[in-house]
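Since the structure comes first, as structure tokens, the remarks are kept for the end.
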Amino acid sequence: MVSQKITEISVTPIPAYFPHEIGRNARNTGHGISGIEWLVRAKTDGGIEGLTIANTFLSNLGGNSVDDLLTILKEVFLGIRICDLLEVSNGRVIKPKPGPGRAFRENGWMSILAYDLAGRELGVSAVDLLGGKVRDEVPAYDTTLYFQDLRNPDTLSNGVASVVDEAREAYSLGWRQMKIKVGRGGRWMSPKSGAQRDADVVNAIREAVGPETVLYVDANFGYENRLDLLEFFIKETLPANLGWLEEMIPPSLEQYRELRKIQERLGSNALLVCGEVDRDPIGYVYMDMAEEGVFDGYQPDIVSQGFFRWKQIEDQLEGTNVVSQPHCFGNGNFGTRAALIYGASSKGFISLEDERIAPNVYENDEFTFKNGVYKIADAPGLGLNVDEEIFRRKYSHNEDKIVL
Ligand SMILES: [Mg+2]
């Protein structure tokens with residue numbers, strides 16, 4: 001059978017609403033009430049549609065326009081047959097074909113579209129193309145617990161009640177893992193009071209959600225140059241039994257050695273995870289740290305890097321004890337699906353970073369969430385489909401399209 005040809009590509013901005021307003025973290029001034037999904041739809045002459053999002057390409061960092069985006073999508077995908085995107089052998093992707101491969105190196109998110117199209121044409125899940133299913137359910141953590149104490153100040157609880165309320169809400173809706181932003185002393189409070197507030201928030205949430213809920217923290221480097229205060233924070237939160245400490249300080253072999261020593265001294269078993277800021281993974285400093293075993297989970301973004309790049313990262317990490325724990329914040333509902341597919345195929349994967357975006361443009365399907373885990377359904381490609389009725393009614397007037 002002849003492989004189908006891509007005859008139409010479109011780009012549409014889709015708003016992605018958080019469950020509540022997202023306050024500051026240690027680095028930035030807050031994400032507000034919504035993000036965006038720059039939805040890319042690619043249709044073939046045989047009626048298949050594949051999806052990805054181009055958030056990385058259109059991010060504030062890049063300065064690219066929708067016109068630039070359509071130009072590269074046209075170059076890489078329009079008029080191409082699906083079989084000319086990826087080399088598939090025994091049902092697994094071996095590597096991208098040379099032409100698109102060059103584009104995927106720079107624009108990893110494009111490779112997800114290729115996996116989606118190939119899976120749909122072959123009638124297999126992208127999980128299979130990635131190497132096969134290693135789990136039927138993928139755990140997810142709520143990643144929306146920011147510095148709400150600074151957004152909703154109240155003198156009685158130092159604002160802590162505001163974060164605790166949101167953690168309680170997440171628990172009541174089924175999340176059994178949550179990540180709490182810390183590092184207030186990096187920019188927004190004096191270092192000492194920031195560390196104290198961090199610890200107070202963590203300990204109050206632990207009390208509110210019970211001992212079984214897994215709690216992670218993420219400082220976005222807010223403890224840079226303050227290993228003394230980091231030691232204080234780890235000590236104060238020992239009773240909360242944290243699952244991991246994320247980006248407490250910038251990557252550095254020496255500093256991470258020190259951090260491990262601090263953990264040993266205090267008896268902290270929390271994993272150390274980092275790497276979301278590594279734009280060209282695996283950077284030398286992270287590889288040095290991985291080889292020496294001073295951290296445990298590596299976090300470049302799932303959509304920015306894309307599926308093929310992530311497989312290469314996993315290969316590179318083989319022989320170390322570092323597992324894949326991709327970042328996913330800012331990727332909307334599409335990102336959640338991409339991370340689920342990846343997580344279902346990756347042995348070391350711990351938990352999906354879940355923004356808990358409200359339903360927007362996609363059909364409801366069998367990838368359902370319950371008791372802290374998403375079920376992985378059997379469906380071709382990513383198994384994610386646009387709800388045509390909703391698309392037409394709410395978003396189609398912002399769609400930009402190119403056709404063969
Ligand atoms: Mg992070």
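Once the range 277-304 is narrowed to residues that are of a type in the set (Asp, Glu) and without any contact (Cβ under 8 Å) to a residue 40 or more places away in the chain, the residue that is nearest to the ligand (Cβ to nearest atom) is ASP278.
Residue by residue, here is whether (1) closer than 19 Å to ALA270 by Cβ; (2) of a type in the set (Ser, Thr, Tyr); (3) out of contact with any helix residue (DSSP H, G or I) (no Cβ under 7 Å at 6 or more places or on another chain); (4) not assigned by TED's automatic domain parsing to the domain that holds GLU236 holds:
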position: GLU121; (1), (2), (3), (4): no, no, no, yes
position: LEU150; (1), (2), (3), (4): no, no, yes, no
position: ARG168; (1), (2), (3), (4): no, no, no, no
position: GLN177; (1), (2), (3), (4): yes, no, yes, no
position: SER190; (1), (2), (3), (4): no, yes, yes, no
position: VAL201; (1), (2), (3), (4): yes, no, no, no
position: ALA208; (1), (2), (3), (4): no, no, no, no
position: TYR216; (1), (2), (3), (4): yes, yes, yes, no
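Number of residues in the range 224-255 that are within 16 Å of the ligand (Cβ to nearest atom) and under 23 Å from PRO326 (Cβ atoms): the value is 10.
Only residues that are farther than 23 Å from VAL182 by Cβ, under 16 Å from the mean Cα position of the chain (by Cα) and of a type outside the set (A, V, I, L, M, F, W, C): list them for the range 35-44, please.
Answer for the range 35-44, where residues must be farther than 23 Å from VAL182 by Cβ, under 16 Å from the mean Cα position of the chain (by Cα) and of a type outside the set (A, V, I, L, M, F, W, C): just GLU37.
Quick check on the range 154-177: of everything there that is surrounded by fewer than 24 Cβ atoms within 10 Å (Cβ to Cβ) and among the aliphatic types (A, V, I, L, M), which residue is farthest from the ligand (Cβ to nearest atom)? Among residues in the range 154-177 that are surrounded by fewer than 24 Cβ atoms within 10 Å (Cβ to Cβ) and among the aliphatic types (A, V, I, L, M), the one farthest from the ligand (Cβ to nearest atom) is LEU156. Within the range 220-247, the set of residues being in contact with a helix residue (DSSP H, G or I) (Cβ under 6 Å, 6 or more places away or on another chain) and not in a helix (DSSP H, G or I) comprises GLY222, TYR223, ARG226, THR237.
Being over 20 Å from MET289 (Cα atoms) and among the basic types (Lys, Arg) is the filter here, so list the residues in the range 310-349 that pass it. Can you show your working first?
So in the range 310-349, the residues over 20 Å from MET289 (Cα atoms) come out as 328-347.
Across the range 310-349, the qualifying residues are ARG337, LYS347.
Yes or no: PRO250 closer than 30 Å to LEU113 by Cα and either among the small types (Gly, Ala, Ser) or not in a helix (DSSP H, G or I) (or both)? Judged against the criteria, PRO250 is not a match. For the range 87-144, a residue qualifies if it is closer than 16 Å to LEU384 by Cα and among the charged types (D, E, K, R), and the qualifying residues are ASP116, ARG120, GLU121, ASP128. Looking at the range 188-204, which of its residues are closer than 17 Å to ASN25 by Cα and crowded, with 16+ Cβ neighbours inside 10 Å? Scanning the range 188-204 gives TRP188, MET189, PRO191, GLY194, ALA195, GLN196, ARG197, ASP198, ALA199, ASP200, VAL201, VAL202.
Quick one: count up the residues across the range 314-323 that are surrounded by fewer than 24 Cβ atoms within 10 Å (Cβ to Cβ) and either of a type in the set (A, V, I, L, M, F, W, C) or within 16 Å of the ligand (Cβ to nearest atom) (or both).
2
Checking ASN55, ASN64 one by one, the residue that is crowded, with 19+ Cβ neighbours inside 10 Å, under 23 Å from the mean Cα position of the chain (by Cα) and within 28 Å of ASP354 (Cβ to Cβ) is ASN55 and no other.
So, in the range 181-202, of the ones that are of a type outside the set (Gly, Ala, Ser) and part of a loop (DSSP other than H, G, I, E, B), which residue ends up farthest from the ligand (Cβ to nearest atom)? Among residues in the range 181-202 that are of a type outside the set (Gly, Ala, Ser) and part of a loop (DSSP other than H, G, I, E, B), the one farthest from the ligand (Cβ to nearest atom) is MET189. Counting the residues of the range 19-49 that are surrounded by 18 or more Cβ atoms within 10 Å (Cβ to Cβ) and within 16 Å of the ligand (Cβ to nearest atom) gives 7. Restrict the check to the range 102-117 and report whether at least one residue is at positive phi and either surrounded by 15 or more Cβ atoms within 10 Å (Cβ to Cβ) or not acidic (Asp, Glu) (or both). So far as the range 102-117 goes, no, none of its residues is at positive phi and either surrounded by 15 or more Cβ atoms within 10 Å (Cβ to Cβ) or not acidic (Asp, Glu) (or both).
The values are calculated or read from the model by the stated rules, or taken from the named source; none is laboratory data. No experiment lies behind these values; they were computed from the predicted model shown. Don't worry about glycine lacking a Cβ; one is built from the backbone with ideal geometry, like all the others, and counts go over all protein chains shown.
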